[in-house]
Amino acid sequence: MTNFNITIIDQLIQQFEQREKKAFCINDIYYTYYQLSQRVQAIRDLLQQNPPHQLEVGLVANDDLNTYASILALWIEGYAYVPLHPLQPLERCLDICKQVNCKTILDSSQASRYTDFKVITTSLLDNKTFRPQYNKGISEKNLTYILFTSGSTGKPKGVKISRRNIAAFAEAFDQTDLHLQSSDRCLQCFDLTFDVSVQSFLMPLLHGACIYTIPHDQIKFSYVAGLIEDHQITFGAMAPSMVRMLKPYFDELYSENFRACILTAEASPLELIQAWHQRCIPKATLYNYYGPTEATIYCTAYKIPTKNVKTHHGIIVIGKPFEGLDALIVDKNNQPIAQGKTGEMLVSGDQVTPGYWNNTTLDAEAFITLTLSGKNKRYYKTGDLCSKDTEGLIYYKGRKDTQVKINGYRIELGEIEHHARKFYTESNAVVLTQEKEGNIELYLFIEHAQEDPHPLIEFLRQTLPQYMIPTEVIYQKEFPLNNNGKTDKNKLKTLIK
Amino acid sequence: MERKAIIKQLQSIIAKEVKLENVELTEENTANDVKGWDSLSHIAIIAQIEETFSIKFKLRELAKLKKVGSIIDLIIKKQN
């Protein structure tokens, strides 16, 4: 049985003893594990003296040592953080606070935007010497964080992640092929409102490694390139969208120190990833990790080989389930389907969230208990379409809601995107649908300057049936990205006239 | 090209990308002074500057393009 105290807190406390070892590099300033431990203790003391009224505490997700120390202090004391992005509209953040009903907010900013709350200005607290004693009786069911993701209704929905979830994740991560070492210099290029950030700071901390963050006012991909070269980054998780932004500059970026790179958060196109590997980080081993927020960061892993990479429509396979996690592919009636067939992927195990914050309707839709071989198991319905091959490798085939039927034909939007990317090898392609007068129309977005779409359409006609030819091709020089670094499909959709 | 002429063109590029009617800039202004000029719109702004002035910035230069004065310096340097 996993245990948060042993897997997470005791490990962190052990690392705090390495007084001179560097823990963070933030805005070109290094902080040691000792300095980190002093900030953690200062915040712990305050939480003990003025206990928040409830276990969920707002945290302004700044890019500084106090913010990371706040997360660790909250966890040691048994609280959960609810990240509030400093650059997101205040109204959205207030809606999140209201949903969770949190009254206490930890904020390292000099002037807080949260005037009607009990704000703890963590940057003003004096350093304290770390005391390793802590309350070991905190339930594994207590939460570690609540992340709000955009809901289809327009109102953000909160995913609860428990101490058990995080402990199970950390243990499973360490059992994958990727082994972090205390000598590693690790990239943390995700906002704290997105869960890959938790892997990006937590796993290096548990191994005594150093974490390099991105200041909010920097251009992420350019800053990341600087870190990779100047600080000789050895490990990092990145979204394929960021790699694509770097692509025009591949000739200007080269590092032989980068030894392990995880691609995650989006589907990974083989051509892009291979070019990234060969031209910029030739000594690295690359991994494709997949996971919904609801199953704690990652739940499948694939070590990308240098040859014979398994793909579907040019998208790299997502590999095999994490240790302790069961992945099942089912049909519309939630019945397991034959190997090789495509269906929705369900996942079960200690990494799966206890549910959404105060939303039983959503819980009823997203979770299902199946009786398999006489045993009841609770599954999360990922909404992702996948298939398994004879080796047990899982292929990602798109979102359930991106599979559309036109004239009775089932269409995978990824297939159209794949062929469009063959025509525009340097550009990204996204297909979105919109209903018009009862018909579903296909819109193909190309990340490219405006030009005559006819050669592309002619190319598509050579391989795709007529019903898969997009109604319109929309050129956009740069695709908008959302705060998680993924292509913002909602914004793209607004370009449909 | 004169600095004043460049700044005028920058004003119209930035206004268009951040969807404001007009933007008044001085050489001392940075991205933080203009509403909507965030890391996302910055990429579109850079692409637009490159196209307008027929220049190409290097990857490591992008990080320095936060201040209007530095953008102008680089444009002039690249055009010569």
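Since every read-out is calculated from the coordinates, none of them should be taken as a lab result. In this text the structure is predicted, and so the values were computed from the model without any measurement. Counting neighbours? That spans all protein chains shown, and the Cβs are built from the backbone with ideal geometry, glycine included.
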- Task: Arrange A:T425, A:T122 by Cβ neighbour counts within 10 Å, fewest through most, would you?
- Result: A:T425, A:T122
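Defining a contact as two alpha carbons under 8 Å apart and six or more residues distant in sequence, what relative contact order in percent does chain A show?
With pairs under 8 Å counted, the relative contact order is 10 percent.
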- Note on the structure: By the C-alpha gyration tensor axes a ≥ b ≥ c (rounded if a/c is under 1.5, else prolate when a/b exceeds b/c, else oblate), the shape of segment A:353-497 is prolate
- segment A:452-471 to segment B:1-76: how many Å between their Cα centroids? 37
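Could you work out the per residue convex hull volume over the alpha carbons of segment A:254-383, in cubic angstrom?
134
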- Could you tell me which of A:N484, A:N3, A:Y30 has its Cα farthest along the dipole of chain A towards the positive end, charges placed at Cβ (Lys, Arg +1; Asp, Glu -1), taken about the Cα centre? A:N3
- Item | Computed E for A:K118/B:A5 - FRET, C-beta separation, R0 45 angstrom, nearest 0.05 | 0.25
- Task: Taking amide H positions as placed in the peptide plane 1.01 Å from N, state which residues far from A:I406 in sequence (5 or more) or on other chains have amide H under 5 Å from it.
- Result: A:I411
- Which ³J(HN,Hα) values, rounded to whole Hz and listed in residue order, are derived for segment B:44-59 from phi using the Karplus coefficients 6.51, -1.76 and 1.60 in 6.51 cos²θ - 1.76 cosθ + 1.60 with θ = phi - 60°, glycine and proline given as x? 5, 4, 4, 4, 5, 5, 4, 5, 4, 9, 6, 10, 9, 7, 8, 3
- Pairing the Cα long axis of helix A:220-230 with the longest principal axis of chain A, what angle in degrees results, from 0 to 90 and rounded to the nearest 10? 70
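What number results when the radius of gyration of chain B, computed over Cα atoms, is divided by 2.2 N^0.38 Å?
Details: Rg = 11.3 Å, N = 80, 2.2 N^0.38 = 11.6 Å.
That works out to 0.97 for chain B.
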- C-alpha long axis of helix A:413-423 to longest principal axis of chain A, angle in °: 80
- Task: Find the relative contact order for segment A:347-478 and round it to a whole percent, using C-alpha pairs within less than 8 Å whose residues are 6+ positions apart.
- Result: 15
- Per-residue [θ]222 nm for chain A (sum of -39500 (n - 2.57) over DSSP H runs n ≥ 4, rounded to 500): -8000 deg cm²/dmol
- Item | Alpha-carbon Rg with Dmax, taken over chain A, Å | 22.9, 71
- Message: Whole-Hz ³J(HN,Hα) for each residue in segment A:98-114, computed from phi via Karplus 6.51 cos²θ - 1.76 cosθ + 1.60 with θ = phi - 60°, x for glycine and proline: what do you get?
- Response: 5, 4, 7, 6, 7, 9, 9, 10, 8, 9, 8, 5, 5, 10, 7, 7, 9
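Given the Cα atoms of segment A:1-157, and with Rh set as the inverse mean 1/r over their pairs in the Kirkwood sense, what is Rg to Rh to two decimals?
0.97
What do you get for Rg/Rh of segment A:46-139 when both radii come from the Cα atoms and Rh is the Kirkwood radius?
0.95
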- In nm, the gap between the two label points placed 7 Å beyond Cα toward Cβ at A:K477 and B:E21 is 2.5
- According to the Kirkwood expression over distinct Cα-Cα pairs, how big is the hydrodynamic radius of segment A:310-371, in Å? 13.7
- Over the C-alpha atoms of segment A:166-239, what are the Rg and the largest Cα-to-Cα span, Dmax, in Å? 12.2, 36
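Once you charge only the Cβ atoms, +1 for Lys and Arg and -1 for Asp and Glu, what is the size of the charge dipole of chain A about its Cα centre, to the nearest 20 debye? Walk me through the intermediate numbers first.
Details: 52 positive and 55 negative charges, 195 e Å.
The calculated dipole for chain A is roughly 940 debye.
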